[in-house]
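The values are calculated or read from the model by the stated rules, or taken from the named source; none is laboratory data. Predicted model only: the values in this text are computed from it and were never measured. Note that each Cβ is placed from the backbone with ideal geometry, even for glycine, and that neighbours are counted across all protein chains shown.
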Amino acid sequence: MSDFRAGRLDAVRAKVAALEAGGRGDCGSLPFGDARIDARLPGGGLPLGRWHEVTGEGMEAETAAAPAAFAALLAAPLVRRGWAVWVLRRDDLHAPGLEGLGFPPERLIQVCARDDAEALGVMEDALASTGVAVVLGEVGAVDLTAGRRLQLACEKAAATGLVIRRNPFGAGSGGKAHGSAAVARWRVAAAPSAPEANLYGEVVGLGAPRWRVELEYCRGGRPGAWLFERRPFEEDIDGTHPLRLVAELGDRQLAPPQPVRAAG
Amino acid sequence: METARGVRRLAAVDEAARALGLFAGQKAADAAALVPELDSAEAEPAADLAALEALADWCVRFSPAVAPDAPDGLLLDVEGVSHLWGGEGALMADFRHRLGQGGIGVRLALADTPGAAWALAHHGVDGTIAAVGEQAPLLAPLPPAALRLEPQAAAQIERLGLKRLGQLMKIPRAPLGRRFGAATLMRLDQALGRAREALAFRRPATPWFARLAFAEPISAPEDMGRVSRDILEALCARLDDAGQGARRFEMAFHRVDGQAPSLSVGLAFPGRDARRLARLFAPKLETVDPGFGIEVVTLSALDVEPLAGRQTSLRQSPSRSSSSGLSRGSMHTGDAEGTSALLRFPGASVFMDPRDKPEDDGRKDEVFQWDLIDEAELAPLVDRLANRLGEERVWKSAAFESHVPELASIRAPPLAGAPHGGWDPDLPRPLRLFRRPEAIEVTAPVPDDPPIQFRWRGRVHRVSRSEGPERIAEEWWKAALSAASPAHVRDYYRVEDQEGGRFWVFRAGLYEAGQPARWWLHGLFG
């Protein structure tokens, strides 16, 4: 491709991005620090000033432990820029556990909402407030209107939203949302940890937590699947992302195994 | 009618009974002998006190400082509020008129001290207004009982021939105190303003009080919204002038029928932004039943503290430069259409002025400068949420000195600056902690080993890795020593199943032969 052509293409891309953002510049992105994922994301990192959807499968639709842990680590670098608000439906978030993951609970305001509508309202209010950098919300489902409202709220104060799909009381099915207004949808599941052998060559206990993360959908990006690990705390000092990419997974690896039935 | 020391006596009598010669304190049998058709009812001191307190609440429309004086008196501090009625006489006339409308007969007096006012109301001429510093001549002709003494003490003074307070005032202090006791001297000093007297006001007296009265009672919701804004602006302007802010605002709506429903709004930080406060009050106004109309609205600011640093919005003049789009940096400039920009610098918190930026304007400028994260700038959000959802639904987690997992994290006010941290980083704690641990069926090779397989919520999890145990004992020092037992322990294990799910399980109690171990799942690590 000639330079001229590349330049034109870049100009058109910028124009499309500007149109998509409703006339305002994008709010930047937060790179993971690994090209294997950053190359697939628009702007070379986690898009900020938008809202993301984080979901789990099976029991996680009710407990949302792995999605919450992953979302907390996505949000952890943003907390340096402002406050975090976590909107809950069920008050079972344990602050010592958050601190254990490396998310500072002293910068977190927790809000317990009575139902999904109230949780979304609180998220919207928090996203549009100055001083709030990231809002995490545990919500059963976000319809198109609510999603659009969340997006407008994100744009007001350049805050990032993370919607953790969860039905905390087991009601309803956490089915896939069709035509969501989220900028990206992440599907998170816990993965077996890989503890290192100690001096005697024995493997004892659990390693750093790992997650299988599938980017199902991303506006302006390409889907993919990766294995993430909580980076050792010793490496946190120099401002690295707390999530370390361990491996890139094949796209099909996370698809639920289809029962094969022989014809006839 | 009441029973005192086994004798039925009349507790109170009405005008008609008094005309027949009955009096309070008379034995019931004597009264019945005098007036056989006497209609009597049992005395209810608790209900009387409640009614007096309700009346005291109602009197807040006249003064923010009202002290109920059981059993049948009210003390109002009208210093600095009488001009609202155009003088003390007009205030008293209005007070008497309104109480009379409610069917309450009163004796009123106004003086420099509570003691003098009490004496004049109970024993002087009804409606006396003592000029400043002039109560001694007015008190002189009153009997000693006007000093609020014990009946025996007052009777003794009278027995000695001192029938008037004027005689008492002439006696030198030292012999007076020696002869009649310090209490008499103190009461006399209090009445004459020589000693201070503490009154238990029904509400904390706050000088931060505003009142709006209307010529016609109002009841329309939009009117109520407007008057709440007006009264907030009036009080906030005064707070602003004095450099003060308040953490709690109470608005009372005085209805024509004498009831006064009130609303209150709490703030995380002292504030005096009338618009913000009006927005916090607005959703609550619906809950006020205006009845037949509201004639007076009062507002008092509580927990008033000095508030340094004005909350101002700094606006840049509209830029007509040709730069389109947004530029980012330490300063954020507006776009070509000239919407206002928001500057932010350390030490000042900046709030947008809603007049310039309607709520539904999707094209608001955003803020990019993150250098300073001020707790105060979060206060509007916290206040909105706490007032909408309830204060108990918005919190920040704080550490509590306890090794019991469910007690180690407590809810602290979001912006109270509570000490944070303090959890041991070496102890693994789950991200989700269940309020009640859930029972699981466990297969363990030996009772003291971590499980190799467990069933939770109908699903079997095969454990591939485990860590532990961490033994956590009960807080035996909190309960009776007899209830404590070394068997009240939990052995916590962190286990990982084959799919990578990480769980926090524990075995309750010590191993006992023949007793199956009980296992519980307490949290998820995620």
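Taken as a whole, the stretch A:103-110 holds at least one residue that is buried (at least 20 other Cβ atoms within 10 Å of the Cβ), over 18 Å from the mean Cα position of the chain (by Cα), facing chain B (nearest Cβ under 9 Å) and modelled with pLDDT of 90 or more.
Determine whether A:L74 is part of a helix (DSSP H, G or I), closer than 26 Å to A:I237 by Cβ and within 9 Å of another protein chain (Cβ to nearest Cβ). Considered against the rule, which asks whether it is part of a helix (DSSP H, G or I), closer than 26 Å to A:I237 by Cβ and within 9 Å of another protein chain (Cβ to nearest Cβ), A:L74 comes out as no.
Each row is one residue, and each column tells you yes or no for (1) surrounded by 16 or more Cβ atoms within 10 Å (Cβ to Cβ); (2) among the hydrophobic types (A, V, I, L, M, F, W, C).
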site: B:H123; (1), (2): yes, no
site: B:I129; (1), (2): yes, yes
site: B:E134; (1), (2): no, no
site: B:L142; (1), (2): yes, yes
site: B:L160; (1), (2): no, yes
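In summary, B:L22 fulfils each of the numbered conditions (1) surrounded by 17 or more Cβ atoms within 10 Å (Cβ to Cβ); (2) modelled with pLDDT under 80 with the single exception of condition (2). Is one or more of the residues making up the stretch B:247-265 surrounded by fewer than 19 Cβ atoms within 10 Å (Cβ to Cβ) and of a type in the set (F, W, Y)? Scanning the stretch B:247-265 turns up no residue that is surrounded by fewer than 19 Cβ atoms within 10 Å (Cβ to Cβ) and of a type in the set (F, W, Y). The condition (being away from chain A (no Cβ under 14 Å) and farther than 25 Å from B:G514 by Cα) is satisfied by just one residue among B:W476, B:W423: B:W476. Taking B:R9, is it loosely packed, with under 13 Cβ neighbours inside 10 Å, among the basic types (K, R), free of Cβ contacts under 8 Å to residues at least 40 places away in the same chain and outside the structural domain of B:H122 (by TED's automatic domain parsing)? No: the conditions fail for B:R9.
Only residues that are in contact (Cβ under 8 Å) with a residue 24 or more places away in the chain, over 19 Å from B:S82 (Cα atoms) and touching a strand residue (DSSP E or B) at 6+ places or on another chain (Cβ under 9 Å) were counted across the stretch B:207-230, and they come to 7.
Contact map, the stretch B:252-281: first residue more than 15 Å from B:L299 (Cβ to Cβ), second residue part of a strand (DSSP E or B), Cβ cut-off under 7 Å, separation 6 or more or different chains; pairs are B:R255/B:I294; B:V256/B:P217; B:V256/B:E295; B:P270/B:G245; B:P270/B:A246; B:P270/B:R247; B:P270/B:E305. Checking each residue in the stretch B:78-133 for being in contact with a Ser or Thr (Cβ under 6 Å, 6 or more places away or on another chain) and assigned to a helix (DSSP H, G or I) picks out B:E88, B:L91, B:L120. Would you check if there is a residue in the stretch B:486-500 being closer than 19 Å to A:V204 by Cα, without any contact (Cβ under 8 Å) to a residue 24 or more places away in the chain, within 13 Å of chain A (Cβ to nearest Cβ) and in contact with a Pro (Cβ under 6 Å, 6 or more places away or on another chain)? Within the stretch B:486-500, one or more residues are closer than 19 Å to A:V204 by Cα, without any contact (Cβ under 8 Å) to a residue 24 or more places away in the chain, within 13 Å of chain A (Cβ to nearest Cβ) and in contact with a Pro (Cβ under 6 Å, 6 or more places away or on another chain). The residues listed here are B:R507, B:R518, B:R490; of these, the one that is closer than 24 Å to A:L93 by Cβ and among the basic types (K, R) is B:R490.
Restricted to the stretch B:51-83, and to residues there that are surrounded by fewer than 16 Cβ atoms within 10 Å (Cβ to Cβ) and modelled with pLDDT under 85, the residue that is farthest from B:L199 (Cα to Cα) is B:H83. Quick check on B:P428: is it more than 36 Å from the chain's Cα centre (by Cα) and either in contact (Cβ under 8 Å) with a residue 60 or more places away in the chain or within 10 Å of chain A (Cβ to nearest Cβ) (or both)? Against the criterion (more than 36 Å from the chain's Cα centre (by Cα) and either in contact (Cβ under 8 Å) with a residue 60 or more places away in the chain or within 10 Å of chain A (Cβ to nearest Cβ) (or both)), B:P428 qualifies. Only residues that are within 14 Å of another protein chain (Cβ to nearest Cβ) and at pLDDT 90 or above were counted across the stretch B:501-526, and they come to 10.
In the stretch A:152-165, the residues that are facing chain B (nearest Cβ under 10 Å) and under 14 Å from A:S29 (Cα atoms) reach residues that are surrounded by fewer than 24 Cβ atoms within 10 Å (Cβ to Cβ) and aromatic (F, W, Y) with C-beta atoms within less than 8 angstrom, at least six apart or across chains, in these pairs: A:A158/B:F368. Does B:R363 satisfy the condition of being modelled with pLDDT of 80 or more and of a type in the set (D, E, K, R)? Against the criterion (modelled with pLDDT of 80 or more and of a type in the set (D, E, K, R)), B:R363 does not qualify.
I want to confirm something. Restricting to the stretch B:432-454 and keeping residues that are within 13 Å of another protein chain (Cβ to nearest Cβ) and of a type outside the set (A, V, I, L, M), which single residue is farthest from A:G58 (Cα to Cα)? Explain how you work it out, then say what you get.
Start the filter on the stretch B:432-454 by keeping residues that are within 13 Å of another protein chain (Cβ to nearest Cβ), which leaves B:432-438, B:450.
Checking which are of a type outside the set (A, V, I, L, M) leaves us with B:432, B:434-438, B:450.
Working: B:R432: 17, B:F434: 18, B:R435: 22, B:R436: 22, B:P437: 20, B:E438: 18, B:P450: 25 Å.
Once the filter is applied, the top-ranked residue is B:P450.
Return the pairs, sorted by first residue and then second, in which the second residue is aromatic (F, W, Y), the first residue lies in the stretch A:37-49 and is more than 23 Å from A:K156 (Cα to Cα), the beta carbons are less than 6 Å apart, and the residues are 6+ apart or on different chains. Close Cβ pairs satisfying both conditions: A:I37/A:W226; A:D38/A:F32.
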